[in-house]
Amino acid sequence: MNKTLMSIAALLLVSAAAADEIDQTQDADPNGLVSIYNTSGSVEISGWGRRQIEVSGSVGDDVEEFIFERSGPVTTIKVNVPNLSFGRVDVSSNLVIRVPQKSSLDVGTVSADIDVEGVHGEQELQAVSGDIQTEVFDSDLKADTVSGDIDVDAEGESEARLVSVSGDITVRGLNGEVNAEAVSGDIDIRDGSFDEVKSETVNGDITWEGALRQKGRLDMETVNGSVDIQFVGDVDARFDIETFNGRIKNCFGPQPERTSKYAPGWELQFTEGDGLGRVNVATLNGSLDLCKE
């Protein structure tokens, strides 16, 4: 490729006034970072075996500028929009992006859903008003949304940090560590093996089904919601369970006791195995089910 073509591939600025449709490709670092920003619409990202990034889809009529540029290992894809206070409202852009499979992602949206599949690098995904759906393969994940659901399918070892203010969080197949927080939404974590799990929700239920590794830690807390814990495999942990207004059902054997004869709360402490791990659960208004497959 001559220097002129390389220069064009390194920096592509496409005016939305010239064309609403996008169909651009350029070379990329196979282990690089792809930074993506879109205000409104959708972002769909998939990994492939090429050393290239392909962007297709469309941008809104009032988008000021579509940026697609590379600087060393970092590729930036960005939809610039005008000040919306001027009355321009057609900025909805739907981006379909293919990246090298081992890329890392840094994605931000305002009112746009994020959908990722087949990308094996680390991911940091943020939305204000939008759902986040992703796959994770032996890599760390940070996902935050204010008004939207988070859905994660994982393979291999990962460390995930997930936050949704108004939405549900669902995790399947993750091994390693997960920290999930919701204000108004349910948290559902299944089919994994964990060193550490931390789940907190204000108005929502927590469901966890998985294996707790040796010296692993499980911490769960709800204000208005129930907790359902189902262990898979051997259990070796010390349990400290407390509810203020809700029953405790424990299939391990030991039965809960009243925290006080003047209050409705229940508490339960016991040890399973050598007690090397820790299981701490607290609910304010909600029941707790604790069992083993």
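Does Val79 satisfy being part of a strand (DSSP E or B), within 14 Å of Tyr37 (Cα to Cα), modelled with pLDDT under 95 and of a type in the set (A, V, I, L, M)?
When the stated conditions are applied, Val79 passes them.
For (1) among the charged types (D, E, K, R); (2) modelled with pLDDT of 95 or more; (3) surrounded by 15 or more Cβ atoms within 10 Å (Cβ to Cβ); (4) in a loop (DSSP other than H, G, I, E, B), each residue gets a yes or a no:
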| site | (1), (2), (3), (4) |
| --- | --- |
| Gln24 | no, yes, no, no |
| Ile36 | no, yes, yes, no |
| Thr39 | no, no, yes, no |
| Gly47 | no, yes, yes, no |
| Arg50 | yes, yes, yes, yes |
| Glu54 | yes, yes, yes, no |
| Val63 | no, no, yes, yes |
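One line per residue, one yes/no per condition, for (1) modelled with pLDDT of 95 or more; (2) of a type in the set (Val, Ile, Thr); (3) in contact with a Leu (Cβ under 7 Å, 6 or more places away or on another chain); (4) assigned to a loop (DSSP other than H, G, I, E, B):
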residue	(1), (2), (3), (4)
Ala17	no, no, no, yes
Val43	yes, yes, yes, no
Val107	yes, yes, yes, no
Ser111	no, no, no, no
Ile114	yes, yes, yes, no
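Has the stretch 249-268 got at least one residue that is touching a strand residue (DSSP E or B) at 6+ places or on another chain (Cβ under 9 Å), at pLDDT 95 or above and buried (at least 16 other Cβ atoms within 10 Å of the Cβ)?
No - not one qualifying residue is present in the stretch 249-268.
Of all residues in the stretch 210-254, which are under 23 Å from Ser184 (Cα atoms), without any contact (Cβ under 8 Å) to a residue 60 or more places away in the chain and of a type outside the set (Val, Ile, Thr)?
Glu242, Phe244, Asn245, Gly246, Arg247
Checking Asp205 against (1) buried (at least 24 other Cβ atoms within 10 Å of the Cβ); (2) touching a residue at least 40 places away in the same chain (Cβ under 8 Å): exactly one of these is not met. Which one?
(1)
Can you tell me which residue is farthest from Gln230 (Cα to Cα) among those in the stretch 255-293 that are hydroxyl-bearing (Ser, Thr, Tyr) and touching a residue at least 12 places away in the same chain (Cβ under 8 Å)?
Per the criteria, the residue is Thr259.
So which strands (runs of 3 or more DSSP E) are wholly in the stretch 178-256 and hold at least 2 residues that are within 13 Å of Ser287 (Cβ to Cβ) and of a type outside the set (A, V, I, L, M)?
Hits in the stretch 178-256: 206-224, 237-245, 248-250.
The values are calculated or read from the model by the stated rules, or taken from the named source; none is laboratory data. Everything quoted here is computed from the prediction, not taken from an experiment. Cβ: placed from backbone, ideal geometry, glycine included. Neighbour counts: every protein chain shown.
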